[in-house]
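Trainee: For reference, the structure I am asking about is given below.
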Ligand code: GLY
């Protein structure tokens, strides 16, 4: 039997476990039985998933639950970020209510970040809050979005601007499910893995320098270790600062730059969130070096490692757009992390030691971005001149 690792998110009466292992979807019945039997037993289990994940994992999950005597119904939403909207939320909530959802019902989010955020938010607001379980099937969801209780949807004004903190009752991170993940999504999730090393654990970053390729290639031991270390780091941060009054903000390393890039690229396939985070973390370390907070060698090491696993680290792979520092900074001013008109950045003193800064001079950011944009601008095509 494959090894299962168990971590706890220590939130008093809302504490919950994160299980990490290779065949957890197939064993979900045994792990969910205590929850399904809680509150007098016989709880309705309602699985929310998307069309892509349903084709890959829904049958396995339904068989596993049936094997443990847990009856479950499935509700399938379209795949993609577009499903994180009011219309899909409304439709989902109404279907669940029509199907007879009650206060003791248990929602299960089977899928990536979109399904997790949408289902978690539905669980937060249906009947003023019901229990839910996260079964994340992407690397990014396993190491970040499924843990910590941030749920929500997007609006035309921006991503995740409507939502709630609502912690799951259990997270089952089945690393075997990642075998079906496209390489590009694996890499995007890897950016969030590397983030934990860069913001607070230099030893983990050094481990990733040696094992990053194995993680991205899906080598089981390396993958389990990477997910375990990432979830342990996230669980500790969430337990210490659930509502992001302090240190949870460090998890936004690279995200001020990343969100500005994502707004320009339209939150679609042109630039995945994790790819934007990889570029953002590179820029955050370069800004830290430029401001004299961090040795330039550390910023170089960050860029080299992310590039070595084949993540983007600058504007070069985002061709075809007329980037300007002014537009990117304009997006940053509207970011929900900005406060009182001041941009917020997570900067670093060195690899493994990040801090939040709200007093970066915009001219410094403009200088960094202008350099980064011009360095990677495609050579002028003078052929027709
Ligand atoms: N993804 C950042 C956080 O959960 O706080």
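Trainee: Considering only residues that are more than 16 Å from the ligand (Cβ to nearest atom) and touching a strand residue (DSSP E or B) at 6+ places or on another chain (Cβ under 6 Å), look in region 133-158 and name the one that is farthest from residue 263 (Cα to Cα).
Mentor: Among them, the one singled out is 133.
Trainee: Which condition number in (1) buried (at least 24 other Cβ atoms within 10 Å of the Cβ); (2) away from the ligand (no atom under 12 Å from the Cβ); (3) closer than 22 Å to residue 182 by Cβ is the one that residue 224 fails?
Mentor: The number of the failed condition is (1).
Trainee: So, residue 101, is that one farther than 21 Å from residue 166 by Cα, in contact with a helix residue (DSSP H, G or I) (Cβ under 8 Å, 6 or more places away or on another chain) and buried (at least 17 other Cβ atoms within 10 Å of the Cβ) or not?
Mentor: no
Trainee: Being at pLDDT 95 or above, in contact with a strand residue (DSSP E or B) (Cβ under 9 Å, 6 or more places away or on another chain) and away from the ligand (no atom under 16 Å from the Cβ): is that true of residue 231 here?
Mentor: The answer is no for residue 231.
Trainee: Take the residues in region 294-315 that are surrounded by fewer than 17 Cβ atoms within 10 Å (Cβ to Cβ) and more than 24 Å from the chain's Cα centre (by Cα); name whichever of them is nearest to residue 185 (Cα to Cα).
Mentor: 300
Trainee: Mind checking which pairs have a first residue in region 65-89 that is at positive phi and a second that is part of a loop (DSSP other than H, G, I, E, B), Cβ under 9 Å, 6 or more apart or different chains?
Mentor: Close Cβ pairs satisfying both conditions: 80/268.
Trainee: Any idea how many residues of region 136-164 are more than 20 Å from residue 270 (Cα to Cα) and either touching a helix residue (DSSP H, G or I) at 6+ places or on another chain (Cβ under 8 Å) or crowded, with 24+ Cβ neighbours inside 10 Å (or both)?
Mentor: Final tally of qualifying residues: 17.
The values are calculated or read from the model by the stated rules, or taken from the named source; none is laboratory data. Model, not experiment: these values are computed from the prediction. All Cβ positions, even for glycine, are placed from backbone atoms using ideal geometry, and neighbour counts span all protein chains on display.
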